[in-house]
Amino acid sequence: MELKKINPSLRQALIENGLSEANELQSETFSAIKSGADVVVQSAEATGKTTTLVINVIQKLEKAQGESTRALVLVQDKEKVIEMVALFRTFANYTDLRVFGVHEKGDTDFDKNQISLGLDVLIGTPEKINHLFSTAGFNLNTIKIFAVDDADKLFKNRMDAVVQRLSMSIEKTQRLFFTTQITEKVEVLADKIMVEPLWFESEEDE
């Protein structure tokens, strides 16, 4: 995949998995996300939003570092957690990034132990993440990327308050929203927690 200054290990994994060319969404948003800006990405279903999120997180983190979580990715349910963990492990195949997923049906003590051992990317549902961080006292200030996938669906299910609470617990981070629609709740929360966000809006399918 040809994107400006993309990590060679990431590029190799993408090509091996049939992504030899960036789609329009990936091309348009890569530089902005890479710059560290807060970004809202709106695009129709099946346009590669989740893949775009994963590519950019791997690009920015590059390799395992430290003991504390550096990227927090919020998704809507267990199925999405499993899907995204698999994507990360596929595209980060040539890195040593440590990726872990949590959801309501998982064992909380096991999850806490895994986080304590050291992670780079933590993927989970907002309520589960909130419970883990509030009860275990994990340090949120090591998080460099705070990303929300399917933001419109999460906020429709009243997860916006939990997302805001988590975000406000982090002193400084890059915030990313990926959404199918720009709803009022998406706009309101972006205004509350983001710093001069860049907006990418498209209604076209791949």
>> List the residues, sorted by chain then number, that are 5 or more residues from residue 102 or on another chain and whose placed amide H is less than 5 Å from its amide H.
In response: 123, 124, 125
> Can you flag which of 128/185; 78/156; 5/63; 34/112; 34/105; 112/192 are past 26 Å Cα-Cα?
Replying inline: 34/112; 34/105; 112/192
> Nearest 0.05, what FRET efficiency do residue 46 and residue 191 give at R0 = 45 Å with Cβ-Cβ as r?
Replying inline: 0.95
> Mean separation of Cα pairs under 8 Å and 6+ residues apart, divided by the residue count of the chain: what relative contact order is that in percent?
Replying inline: 30 percent
> Would you list 31, 68 from fewest to most Cβ contacts within 10 Å?
Replying inline: 31, 68
> Going 7 Å from the Cα of residue 116 toward and past its Cβ, which residues in the range 46-81 have a backbone nitrogen under 19 Å from where you end up?
Replying inline: 66-70
> Straight-line reach from residue 144: which aspartates and glutamates have a Cα under 13 Å away, not including same-chain ones fewer than 8 places off?
Replying inline: 38, 62, 120, 171
> What share of Cα pairs, in percent, lie more than 20 angstrom apart in the chain?
Replying inline: 54 percent
>> Given a Förster distance of 22 Å, report the FRET efficiency between residue 24 and residue 94 from their Cβ-Cβ distance, rounded to the nearest 0.05.
In response: 0.30
>> I need the phi-derived Karplus couplings for the range 66-72: 6.51 cos²θ - 1.76 cosθ + 1.60, θ = phi - 60°, integer Hz, Gly and Pro marked x.
In response: x, 10, 9, 4, 10, 9, 10
>> Expected output is a single nm value to one decimal: the length gained when fully extending between residue 164 and residue 4, i.e. 0.36 nm times separation in residues minus the C-alpha distance. What is it?
In response: 54.4 nm
> Dipole magnitude of the range 8-201 about its Cα centre, charges +1 at Lys/Arg Cβ and -1 at Asp/Glu Cβ only, in debye to the nearest 20?
Replying inline: 420 debye
>> Based only on other Cβ atoms within 10 Å, what is the fewest-to-most ordering of 52, 90, 173?
In response: 90, 173, 52
> Non-local amide H neighbours of residue 22 (under 5 Å, H modeled in plane, Pro and chain starts lacking H): which ones?
Replying inline: 2
> What residues qualify as long-range amide H neighbours of residue 181, i.e. H under 5 Å apart, gap of 5 or more or another chain, H built at 1.01 Å from N?
Replying inline: 152
> Gain in length, residue 199 to residue 127, computed as 0.36 nm per residue apart minus the alpha-carbon separation, to one decimal in nm?
Replying inline: 23.3 nm
> Please identify the trypsin sites (Lys or Arg not before Pro) of the range 154-206 that satisfy two criteria: DSSP loop assignment and at most 13 other Cβ atoms within 10 Å. Which are they?
Replying inline: 158, 172
> GluC sites (Glu not before Pro), restricted to the range 1-59: which are DSSP loop and have at most 14 other Cβ atoms within 10 Å?
Replying inline: 2, 21, 45
> In what order do 115, 182 fall by count of nearby beta-carbon atoms within 10 Å, going from fewest to most?
Replying inline: 182, 115
> Between residue 12 and residue 157, what is the FRET efficiency for a Förster distance of 35 Å, r being their Cβ-Cβ separation, to the nearest 0.05?
Replying inline: 0.40
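Computed from the coordinates by the stated procedures, all read-outs in this text should not be read as laboratory data. Given the structure is predicted, the values throughout are model-derived calculations rather than measurements. Because the Cβ atoms are built from the backbone with ideal geometry, glycine has one as well, and the counts that use them run over all protein chains shown.
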